[in-house]
Amino acid sequence: MAMTGRPRTYYGDRPATPAERAARCRAKRLQAVPPDVVCRTIGPCIMDCCRWEAVYHLLPRTAALITDPPYAVGAGYDHTKTRRRPSQWTHNFVEFDEAFNPSPWLQFAEGVLLGASHYKDRLPHRGSWHYWDKLAGSTPADFAPGEWLWASRDLSPRVFVSLARGGMRAGEENMSRLRHKRHPAQKPLYVMQQCVQLVSPGLTVIDPFMGSGSTLVAAIREGHPAIGIEMEQQYFEGACAWVEDELQQLALFPQGQAC
């Protein structure tokens, strides 16, 4: 069958590869970013330091939105409060005590929202609900025993078990591996990888409340390109450093490579 139309090209008459098309899209996006926005391209990730409103119009609606947004929990949870040991945080992150409106983030092809029980009345009736068990069999404390996640896809309910009880943390976030958290609301990489697995393969992952960058690192591990937005400079720099380190580790030890 004869091919109609001109095939998309990149150099000369050679069809562009997916990587070349992605690079072209990133270049066009960089030209459209407002001049006061710090924007970095690190491997398959685009990272912006600004409020999400500044670049919302540039976000591809065909992407998957995966985020743990800032939302008010009752009277608010003070991360600077001393409990069993002095807190490492001198201030709470921006908007930690404000109500979250999910409406702008329901415009994307797919989505996964953490902490969804706190704003469930603003979410569609479609989709599916999933649960992160934070206690993992340990005794309750003054921390939430778990967290509900909403996914836009109609999937069977899943339960993710990952200990996160104050200083008691499992996996890569265990205190023996990560003495100090990168962000007050940092989520375990295991949980974020499970969230990425709730969206269709290959979609670009967007996190408009990037924080420490755990969503982007999880996206990299699951083979997705990603876009992250963080308004606080210190967390933005930390997220960039973490993504760079993750890419370097993958270059040294590709997935599936035997030790």
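The values are calculated or read from the model by the stated rules, or taken from the named source; none is laboratory data. Keep in mind the model is a prediction, meaning the values are calculated, not measured. With ideal geometry, Cβ positions are generated from the backbone for all residues, glycine too; neighbour counts draw on all protein chains shown.
Within segment 210-227, take every residue that is assigned to a loop (DSSP other than H, G, I, E, B) and closer than 16 Å to Glu244 by Cβ and give me the one that is modelled with the lowest pLDDT.
First, the residues of segment 210-227 that are assigned to a loop (DSSP other than H, G, I, E, B): 210-213, 222-225.
Adding the requirement that they be closer than 16 Å to Glu244 by Cβ leaves 210, 212-213, 225.
Working: Met210: 95, Ser212: 91, Gly213: 94, Pro225: 95.
My answer is Ser212.
Have a look at Asp133, Asp207 and point out the one that is at pLDDT 95 or above and of a type outside the set (A, V, I, L, M, F, W, C).
Numbers: Asp133 fails: at pLDDT 95 or above.
When all the criteria are applied, what remains is Asp207.
I want to confirm something. Restricting to segment 239-259 and keeping residues that are out of contact with any strand residue (DSSP E or B) (no Cβ under 9 Å at 6 or more places or on another chain) and under 20 Å from Ile66 (Cα atoms), which single residue is surrounded by the fewest Cβ atoms within 10 Å (Cβ to Cβ)?
Of all residues in segment 239-259, those out of contact with any strand residue (DSSP E or B) (no Cβ under 9 Å at 6 or more places or on another chain) come to 241-242, 245-246, 248-259.
Cutting the leftovers down to under 20 Å from Ile66 (Cα atoms) gives us 242, 246.
Numbers: Trp242: 17, Glu246: 20.
It comes out as Trp242.
Using beta carbons and a limit of 7 Å, which pairs, at least six apart or on different chains, have the first residue in segment 112-126 and farther than 9 Å from Pro102 by Cα and the second one of a type in the set (Phe, Trp, Tyr)?
So the pair list comes out as Gly115/Tyr71; Ala116/Trp148; Ala116/Trp150; Ser117/Trp148; His118/Tyr71.
Please find, within segment 174-203, the residue that is modelled with the lowest pLDDT out of those that are of a type in the set (S, T, N, Q) and within 16 Å of Ala218 (Cα to Cα). It would help to see each step written out before you state the result.
So the first thing to find is which residues in segment 174-203 are of a type in the set (S, T, N, Q), and the list is 174, 176, 186, 193-194, 197, 200.
Keeping just the survivors that are within 16 Å of Ala218 (Cα to Cα) gives 186, 193-194, 197, 200.
Working: Gln186: 82, Gln193: 97, Gln194: 97, Gln197: 98, Ser200: 97.
Selected residue: Gln186.
What's the number of the condition Leu198 fails, among (1) in a loop (DSSP other than H, G, I, E, B); (2) more than 19 Å from Phe108 (Cβ to Cβ)?
(2)
Inspect all residues belonging to segment 226-238 and state whether any of them is over 25 Å from Glu110 (Cα atoms) and under 15 Å from the mean Cα position of the chain (by Cα). Before you say what the answer is, go through the steps one by one.
To start, the set of residues in segment 226-238 that are over 25 Å from Glu110 (Cα atoms) comprises 232-235, 237-238.
Then drop every residue that is not under 15 Å from the mean Cα position of the chain (by Cα), which leaves 235, 238.
Yes, that holds for at least one residue.
Under the condition of being out of contact with any strand residue (DSSP E or B) (no Cβ under 9 Å at 6 or more places or on another chain) and not basic (Lys, Arg), which residue from segment 125-143 is surrounded by the fewest Cβ atoms within 10 Å (Cβ to Cβ)? Can you show your working first?
Looking only at segment 125-143, we keep the residues that are out of contact with any strand residue (DSSP E or B) (no Cβ under 9 Å at 6 or more places or on another chain), and these are 125-126, 142.
From what's left, not basic (Lys, Arg): 125, 142.
Working: His125: 4, Asp142: 8.
Result: His125.
Can you tell me how many residues in segment 144-173 are assigned to a loop (DSSP other than H, G, I, E, B), surrounded by fewer than 14 Cβ atoms within 10 Å (Cβ to Cβ) and either at pLDDT below 80 or of a type in the set (Phe, Trp, Tyr) (or both)?
So the answer is 2.
Exactly one condition in (1) more than 25 Å from Thr62 (Cα to Cα); (2) touching a helix residue (DSSP H, G or I) at 6+ places or on another chain (Cβ under 7 Å); (3) assigned to a loop (DSSP other than H, G, I, E, B) is false for Glu246; which is it?
Unmet for Glu246, out of (1) more than 25 Å from Thr62 (Cα to Cα); (2) touching a helix residue (DSSP H, G or I) at 6+ places or on another chain (Cβ under 7 Å); (3) assigned to a loop (DSSP other than H, G, I, E, B): (3).
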